[in-house]
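Since the structure comes first, as structure tokens, the remarks are kept for the end.
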Amino acid sequence: MSAAIKKIYWIPLEASPESMNKVISQMGVDPSVKFNDVYGFDDELLDMVSKPVHALVFLFPITDELESAKKEEALSSENKVSPNVWFMRQTIGNACGTMAIFHALGNNQKAIPMDGNIA
């Protein structure tokens, strides 16, 4: 019997500012820091976004073509992450929302007040 590696999947985090704000609050992020919806990139729509902006979480559908390209890119010797970027590769299925939170916070450690479970 071969020892197959079983991929781990999480229950997906709802992609809404309310659910992401609840998670970061429980992690110990200062209550003044919030996720907000961005309805577009026109000046008047961007004016509706709370400031300062520390990160942008971009949600998009995953296709078979994208998954294939992602696997090729991961194997490429050109796939290097800058030492100035805090990065974790996602290895758990359905964890993209949680990973987005980790990356947003990890790349803003000096700008976002954090204590408790994440500091």
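The numbers here are math on the coordinates, done by the rules we state, and not lab data. What you are looking at is a predicted structure, and each value in this text was computed from that prediction instead of being measured. Counting neighbours? That spans all protein chains shown, and the Cβs are built from the backbone with ideal geometry, glycine included.
Annotation: amide H-H contacts under 5 Å for VAL29 (H modelled 1.01 Å from N, sequence separation of 5 or more, or interchain): ASP115.
A compact globular protein would have a Cα radius of gyration near 2.2 N^0.38 Å; the ratio found for region 76-119 is 1.34. Computed from the coordinates I sent, P(r) over Cα pairs in 5 Å bins from 0, in percent equals one of (1) 2, 9, 15, 20, 19, 15, 11, 6, 2, 1, 0, 0, 0; (2) 2, 8, 13, 18, 22, 19, 12, 6, 1, 0; (3) 2, 10, 19, 19, 17, 13, 9, 7, 3, 1, 0. Tell me the label. Label of the calculated value: (1). Dipole size of the chain about its Cα centre, with +1 on Lys/Arg Cβ and -1 on Asp/Glu Cβ: approximately 680 debye, rounded to the nearest 20. Expressed as a fraction of 2.2 N^0.38 Å, the value expected for a compact globular protein of N residues, the C-alpha radius of gyration of region 33-91 is 1.53. Taking amide H atoms as placed 1.01 Å from N in the peptide plane, the amide H of LEU13 lies under 5 Å from those of GLY97, THR98, each 5 or more residues away in sequence or on another chain.
When only DSSP loop residues count, what trypsin sites (Lys or Arg not before Pro) in region 12-83 have their Cβ near at most 13 other Cβ atoms within 10 Å?
LYS80
Free of any GluC sites (Glu not before Pro) that DSSP assigns to a loop and that have at most 15 other C-beta atoms within 10 Å, the longest stretch within the chain is 15-77.
The C-alpha atoms of the chain define a longest principal axis, and helix 17-27 lies at about 90 degrees to it.
Estimated purely from DSSP H runs of n ≥ 4, each contributing -39500 (n - 2.57), the mean residue ellipticity at 222 nm for the chain is -9000 deg cm²/dmol once divided by its residues.
Pick out, in residue order, every one of the chymotrypsin sites (Phe, Trp or Tyr not before Pro) in region 1-41 that is DSSP loop and has at most 13 other C-beta atoms within 10 Å; say none if there are none. Kindly include the intermediate steps, with their values, before the conclusion.
On the way: sites: TYR9, TRP10, PHE35, TYR39, PHE41; in loops: TRP10, PHE35, TYR39, PHE41.
Sparse-neighbourhood loop chymotrypsin sites (Phe, Trp or Tyr not before Pro): TRP10, TYR39, PHE41.
The calculated FRET efficiency for the pair GLU14 and VAL38, based on their C-beta separation and a Förster distance of 22 Å, comes to about 0.85.
What number, in percent, do you get for the relative contact order of the chain if the mean sequence gap of Cα pairs under 8 Å and at least 6 apart is divided by its residue count? Could the numbers behind the result be given before it?
Working: 93 pairs, mean separation 54.1, N = 119.
So the answer I get is 45 percent.
When the Gaussian network model of the chain links Cα atoms closer than 10 Å, the mean-square fluctuations of PRO12, PRO52, PRO31 top out at PRO52.
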